[in-house]
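I have placed the structure first, in the form of structure tokens, so that the comments after it can refer back to it.
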Amino acid sequence: MAGPPAQGVTTHCPYCSLQCAMTLTPREDGAGPVLEVTGAAFPTNRGGLCEKGLSSAELLAHPDRLTTPLVRDARDEPFRAAGWDEALHRIADGLTVAQERHGPDAAGLFGGGGMTNEKAYQAGKFARVALRSASIDYNGRFCMSSAAAAATRAFGIDRGMPFPLADLARADTVLLVGSNPADVMPPAMRWFAEGRERGAQHVVVDPRRTATAAASDVHLQPVPGTDLALANGLLHLAVRHRLVDTAYIAERTTGWPALRRAVRQYWPDRVERITGVPVPAMERAIRVLAASRATMILSGRGAEQHAKGSDTALAWINLALALGLPGRPHAGWATMTGQGNGQGGREHGLKADQLPGYRRLADPAARAHVAGVWGVDPEELPAPGVSAYEMLDRLGTAGGVRALLVMASNVAVSAPHAAHVRERLQSLDFLAVTDIFLSETAELADVVLPTTQWAEENGTMTNVEGRVLRRRRATDAPDGPRSDLTVLADLAGRLGRGTFDDDPRTVFEELRRASAGGTADYAGVTWERIDAEDGVFWPCPSTDHDGTPRLFADGFATPDGRARFHVVHHRDAAELPDDEYPYRLTTGRSRAHYQSGTQTRRTKALLDAEPEPAVEVHPDLAARLGVGEGGDLLLRTRRGSARLRAHLTTDVRPDTVFAPFHWAGEQTINDLTNPALDPVSRMPEFKVCAVALEAAGQREGSR
Ligand code: SF4
């Protein structure tokens, strides 16, 4: 590796799917060399960064940073520092022994949505070729899988946004369902603000009055878990008021007659009873939505992280299609993806049922193509495996994974029913984790490998728009950590199953060949083009193809080129309030923190901004519970409990409390969440469960 660049290097933020561009410039700060972070000009963020991006370089030289492999000789013994050879030998041995005793699927890999395309691709190949195991999935399953399943069914393709982010500024109306970009993606708000300056109207559907909702023209505040009924109710009103686009429906869709009949059941009074949204508010919303054909409907995790998340996303797509939006300029449906490379992760093989290029593992032609690139017999490739939570739920059991390699994911905090997942991790015969810090998952491992960070490596990421971006090395890694690509190449060699390259550019060239002809076709994407063109939008099947910033102008990716309506019906949340658990708990992200908090809980600026989590409680409910501002509240569900400081606010419904999920220990909110799964996407029901609340006194030092 060459020495660190002396000049500023432009790369992208290590956090969310907006992937803001930033310049990292070396400077001295008295204590030694540091990298200064400044926002860089780019079509998505135009120099803007949020506080997470601005503080991201602090972690490069953080004192908690892992710099040497850690092993332990027994689970009840502490870690000791080890050499790379010993640590990698232990992992190869753990995986091999599990497979010899229990079969190939007993060794598994769990990946993360922050991994580069090259790492995601190589991890997928490692599971299928080096391990010959079906046991692979990733935490992106917990993020966008419901929207992905819905988009694939309706449009024949899953790309978070089928248009560039900047198109938001040209829309006359934007509806956001369960998405709060003002807090989680502040630089994206410039496009919303530009629209407002042109007179655009914004409608927000969210059980909380978030910062995004507070700035909207219309805020609908449904009971958590009833978005599907609301979408059907709005479609009912659109039909009743003759606001649907009959010409578009006739020319560009199939399935309308059945859906039109189905939504007759969603008359306004009934929908008000289900959702709690008053009829006049629904009437106003549909008038605003149908006032222009330049209308966008954007969904987020609030609508999608449910046991009916894929049907809910389909219900909003149905509304978008009935109003004639997808494929029109500055219009359509999109999902605001979450993790930095959740999109690229599933496109290139981290998901249990997918091969590179968004090919289906169950499709013989897809298997033959990818096996050809990998130089193996298609028959050797495993069948599709089970989804993320199903894999975690069965760890250590007969038929489940016995030896697991976790890369860049902290499932001990981020998985639903997390206490159960920690128990399952502890039941494994062998657990290895690669990470930059000793995360709560790494604490449970037999072997922990220190990895390089984003600013220390090259590669590509695919952002919320489907734009492939370059991650560029801006500094050297400290002595000790290695890239996950190097770890996978070494392990494949020790397992004796193929030669894996660890050079990211070489891996990307192979990825291009493997994706060629697939839905997510990267064949025409090169690192040089990404540099020259501010990223390239897939599909891009050849180097003389322009890439595809906007999908659906001429047709949909279905066999007949038409989008498909789907009849979807409301059903109750998997768990409803009752006498024992009388309230609803919903969860989400806060402004200063990210995912399981492994990084942001170690960042001074972010801890200063938000040193601990708070549960949002309506003042009426707080009065009934006898808890005041800053008092402790004990939250209990059928799965576990957590203790958080109360924040009293009218921003939440009186029947619902909201808590962020970035914290561990007694503040692990995912110890409470419900792992009930969507039947299609296998998304857990993170966003609603029944909860009991109890005042737990004033904590010492609390405000
Ligand atoms: Fe990073 Fe997302 Fe913040 Fe941009 S919005 S700086 S990508 S965390």
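Can you tell me which residue is farthest from the ligand (Cβ to nearest atom) among those in segment 141-180 that are of a type in the set (S, T, N, Q) and over 17 Å from residue 228 (Cα atoms)? Give the steps one after another, and end with the answer.
Let us first name the residues in segment 141-180 that are of a type in the set (S, T, N, Q), namely 145-146, 152, 173, 179-180.
Subset that is over 17 Å from residue 228 (Cα atoms): 152, 173, 180.
Values: 152: 25, 173: 24, 180: 12 Å.
Here the answer is 152.
Filter segment 25-45 for residues that are crowded, with 18+ Cβ neighbours inside 10 Å and within 13 Å of the ligand (Cβ to nearest atom) and give the result.
Result: 37, 39, 40, 42, 44, 45.
Of the residues 514, 574, 532, 553, which is among the aliphatic types (A, V, I, L, M) and touching a helix residue (DSSP H, G or I) at 6+ places or on another chain (Cβ under 9 Å)?
On the way: 574 fails: touching a helix residue (DSSP H, G or I) at 6+ places or on another chain (Cβ under 9 Å); 532 fails: touching a helix residue (DSSP H, G or I) at 6+ places or on another chain (Cβ under 9 Å); 553 fails: touching a helix residue (DSSP H, G or I) at 6+ places or on another chain (Cβ under 9 Å).
After applying the criteria, what remains is 514.
Filtering segment 277-306 down to residues that are open to solvent by 20 Å² or more (accessible area, probe 1.4 Å), in contact with a strand residue (DSSP E or B) (Cβ under 9 Å, 6 or more places away or on another chain) and among the charged types (D, E, K, R), which residue is modelled with the highest pLDDT?
Within segment 277-306, the match that is modelled with the highest pLDDT is 284.
Across segment 197-239, which residue is surrounded by the most Cβ atoms within 10 Å (Cβ to Cβ) among those that are among the polar types (S, T, N, Q) and under 23 Å from residue 306 (Cβ atoms)? Outline the logic, then answer.
The first filter runs over segment 197-239 and keeps only residues among the polar types (S, T, N, Q), leaving 201, 210, 212, 216, 221, 226, 232.
Retained after the next criterion (residues that are under 23 Å from residue 306 (Cβ atoms)): 210, 212, 216, 221, 226, 232.
Working: 210: 24, 212: 23, 216: 22, 221: 20, 226: 24, 232: 28.
Among residues in segment 197-239 that are among the polar types (S, T, N, Q) and under 23 Å from residue 306 (Cβ atoms), the one surrounded by the most Cβ atoms within 10 Å (Cβ to Cβ) is 232.
If you scan segment 6-20, which residues turn out to be within 15 Å of the ligand (Cβ to nearest atom) and in contact with a Pro (Cβ under 9 Å, 6 or more places away or on another chain)? I'd like the intermediate steps shown before the answer.
Taking segment 6-20 as the starting set, the residues that turn out to be within 15 Å of the ligand (Cβ to nearest atom) are 10-20.
Answer for segment 6-20, where residues must be within 15 Å of the ligand (Cβ to nearest atom) and in contact with a Pro (Cβ under 9 Å, 6 or more places away or on another chain): 18, 20.
Could you list all residues from segment 26-35 that are over 30 Å from residue 336 (Cβ atoms), assigned to a strand (DSSP E or B) and not β-branched (Val, Ile, Thr)? Reasoning before the result, please.
If we filter segment 26-35 for residues that are over 30 Å from residue 336 (Cβ atoms), which is where we start, we get 26-34.
Still in the list and also assigned to a strand (DSSP E or B): 26-28, 33-34.
If the condition is that a residue be over 30 Å from residue 336 (Cβ atoms), assigned to a strand (DSSP E or B) and not β-branched (Val, Ile, Thr), then 26, 27, 28, 33 are the ones that fit.
Applying the selection to segment 242-292, what residues are more than 28 Å from residue 560 (Cα to Cα) and outside any helix (DSSP H, G or I)?
Passing the criteria: 266, 267, 276, 277, 278, 291.
Quick one: which helices (runs of 4 or more DSSP H) lie wholly within segment 478-550 and hold at least 1 residues that are of a type outside the set (Lys, Arg), over 19 Å from residue 116 (Cβ atoms) and touching a Lys or Arg at 6+ places or on another chain (Cβ under 7 Å)? Steps first, please.
Values: elements: 484-495, 504-515, 527-533.
Once the helices (runs of 4 or more DSSP H) in segment 478-550 are filtered for at least 1 residues that are of a type outside the set (Lys, Arg), over 19 Å from residue 116 (Cβ atoms) and touching a Lys or Arg at 6+ places or on another chain (Cβ under 7 Å), nothing remains.
Check 23, 44, 10, 38 and return the single one that is touching a residue at least 40 places away in the same chain (Cβ under 8 Å), assigned to a strand (DSSP E or B) and not hydrophobic (A, V, I, L, M, F, W, C). Break it down stepwise before answering.
Numbers: 23 fails: touching a residue at least 40 places away in the same chain (Cβ under 8 Å); 44 fails: assigned to a strand (DSSP E or B); 38 fails: touching a residue at least 40 places away in the same chain (Cβ under 8 Å).
After ruling out the rest, the residue left standing is 10.
How many residues does segment 181-205 hold that are part of a strand (DSSP E or B) and either more than 16 Å from residue 299 (Cβ to Cβ) or within 10 Å of the ligand (Cβ to nearest atom) (or both)?
Taking segment 181-205 first, the residues part of a strand (DSSP E or B) are 201-205.
So of that shortlist, the ones also either more than 16 Å from residue 299 (Cβ to Cβ) or within 10 Å of the ligand (Cβ to nearest atom) (or both) come out as 201.
Number satisfying all stated conditions: 1.
Name the pairs: first residue in segment 49-76 and part of a loop (DSSP other than H, G, I, E, B) and aliphatic (A, V, I, L, M), second residue modelled with pLDDT of 95 or more and exposed (fewer than 14 other Cβ atoms within 10 Å of the Cβ), Cβ to Cβ under 7 Å, at least 6 apart or on different chains?
none
Confirm whether residue 162 is in contact with a Cys (Cβ under 7 Å, 6 or more places away or on another chain), touching a residue at least 60 places away in the same chain (Cβ under 8 Å), not aromatic (Phe, Trp, Tyr) and not in a strand (DSSP E or B). Write out each step before concluding.
Numbers: in contact with a Cys (Cβ under 7 Å, 6 or more places away or on another chain): no; touching a residue at least 60 places away in the same chain (Cβ under 8 Å): yes; not aromatic (Phe, Trp, Tyr): yes; not in a strand (DSSP E or B): yes.
In short, no.
The values are calculated or read from the model by the stated rules, or taken from the named source; none is laboratory data. Owing to the predicted nature of the structure, the values given are computational and were not obtained by experimental measurement. Note that each Cβ is placed from the backbone with ideal geometry, even for glycine, and that neighbours are counted across all protein chains shown. Heavy atoms of the whole protein, side chains included, go into the accessibility calculation; ligands, DNA and RNA do not. Shrake-Rupley method; radii C 1.70, N 1.55, O 1.52, S 1.80 Å.
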